[in-house]
Amino acid sequence: MRELIEAWSGEAVVVRRDAPTGAWCFIALHDSTLGMPVGGCRMKTYDSPEDGLRDAMRLAEGMTYKWAALDFPFGGGKAVLAVPGSLPDEHRSGLLQRFARFVDSLGGAFATGVDLGTTPEDMRRMARDCRFIMGQAAPGEADDSVDPGPYTALGVLTGMQVALRHRVGRDGLQGVRVAIQGVGDVGAPLAQMLSRSGACLIVADVDDERARALGGELGAEAVSADDVYDVECDVFAPCAVGAILNEETIPRLRCRVVAGSANNQLDNDADAERLHDRGVLYAPDYIINAGGALAFGLIHQRVRSKAVLEDRVRRIGDTLDQILSEAGSSGESPWHAARQVAERVLAKGRSAASLRP
Ligand code: PHE
């Protein structure tokens, strides 16, 4: 763990071991230039606690760029609860309650919300013990906990259309073939939206039954979780875990666009060049999957209207359009262009901070 932390570019790591469940809780605080670090709370089983820490650090860094590209006044952070296997209900809720109290005790150094492995209902409960949970109704308002999944899906859908316009010069999704990897909290609503737009879908999930059920409902073909890389399609949409675009999988892809919701889709930066060299347009993950985060940020700023939230999320398409145009004229990869957009916002934030007394 010492090696991981020394090699990391972030600001702080908070570690808490939860003795009753054997879980390791990591909070990675990557960059607070733009504001309070905010990022989801992931619950997952890893091969080792170190893998959990590594994931937290990488995801926190992704959040820094996500907020920066949105030009939103939050910093990058992420929580990972590395659990030793699936927990019985009462152990799980005990862990979440202790973790909620712990995050509250940090007094605003970090705020969190739902992510892979946690649910809006978990967050609603955590919010009783913690003031720093995103997506909750303000005191006095009707009790509800927002599911960011559909907002994330809407941003991905919008980004996918922009990417297709750039890569193949077509507008609209009618008849476009899209292969979705992972039909969970974002992949499923994305599939519904695509289906309504007339796209032709291929779905896959580590839970085969889940893919088959959704496929049946939408008249989509279901393929196995491994076969999805080989599907001939216009768009490949990774909506599950990270690092799935790598040296092994990229040569297998038979798509023209990669546009999905998973965080950290690239195994490493060289994979952006690999995709670019193969003529695959990669819509950078933290640009097009920012819809849920943006909705949470706006709710935090007291925006309540669903129509306003959706309208703001759709503007992610304009950001991507700008990035793809910059990439197009410089010949660089979209990944590179996205990073420059985010770095410009961070540099502005740093110089503003240096002027403060
Ligand atoms: N988990 C989502 C993401 O990674 C949404 C989220 C954003 C959750 C910010 C909490 C805080 O973008």
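The values are calculated or read from the model by the stated rules, or taken from the named source; none is laboratory data. A quick note: this is a predicted structure, and the numbers were derived from the prediction, not measured. Please note: Cβ atoms are built from the backbone with ideal geometry, for glycine as well, and neighbour counts cover all protein chains shown.
Details
- Applying the condition of being of a type outside the set (Lys, Arg) and not in a helix (DSSP H, G or I) to the stretch 67-78 and asking which residue is farthest from the ligand (Cβ to nearest atom) yields ASP71.
- Of all the criteria given as (1) out of contact with any Cys (no Cβ under 9 Å at 6 or more places or on another chain); (2) over 22 Å from TYR151 (Cα atoms), the one not satisfied by GLU232 is (1).
- Selection from the stretch 30-66 of residues that are farther than 26 Å from ARG344 by Cα and near the ligand (Cβ under 10 Å from one of its atoms): CYS41, ARG42
- Extreme residue, nearest to the chain's Cα centre (by Cα), among residues of the stretch 6-65 that are without any contact (Cβ under 8 Å) to a residue 24 or more places away in the chain and within 17 Å of LEU95 (Cα to Cα): ARG17
- When each of ASP171, ASP89, ASP122, ASP144 is tested for being away from the ligand (no atom under 15 Å from the Cβ) and under 22 Å from ALA23 (Cβ atoms), the lone residue that passes is ASP89.
- Only one entry of LEU116, LEU96, LEU81 meets the criterion of being part of a helix (DSSP H, G or I), surrounded by 15 or more Cβ atoms within 10 Å (Cβ to Cβ) and under 24 Å from the mean Cα position of the chain (by Cα), and that entry is LEU96.
Listed here are the residues, each with its yes/no results for (1) in contact with a Cys (Cβ under 7 Å, 6 or more places away or on another chain); (2) away from the ligand (no atom under 16 Å from the Cβ); (3) part of a helix (DSSP H, G or I); (4) modelled with pLDDT of 95 or more.
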{"site": "TYR286", "(1), (2), (3), (4)": "no, no, yes, yes"}
{"site": "ALA293", "(1), (2), (3), (4)": "no, no, yes, yes"}
{"site": "LEU298", "(1), (2), (3), (4)": "no, no, yes, yes"}
{"site": "ARG304", "(1), (2), (3), (4)": "no, yes, no, no"}
{"site": "LEU309", "(1), (2), (3), (4)": "no, no, yes, yes"}
{"site": "GLY317", "(1), (2), (3), (4)": "no, yes, yes, yes"}
{"site": "ASP321", "(1), (2), (3), (4)": "no, yes, yes, yes"}
{"site": "SER325", "(1), (2), (3), (4)": "no, yes, yes, yes"}
{"site": "ALA337", "(1), (2), (3), (4)": "no, yes, yes, yes"}
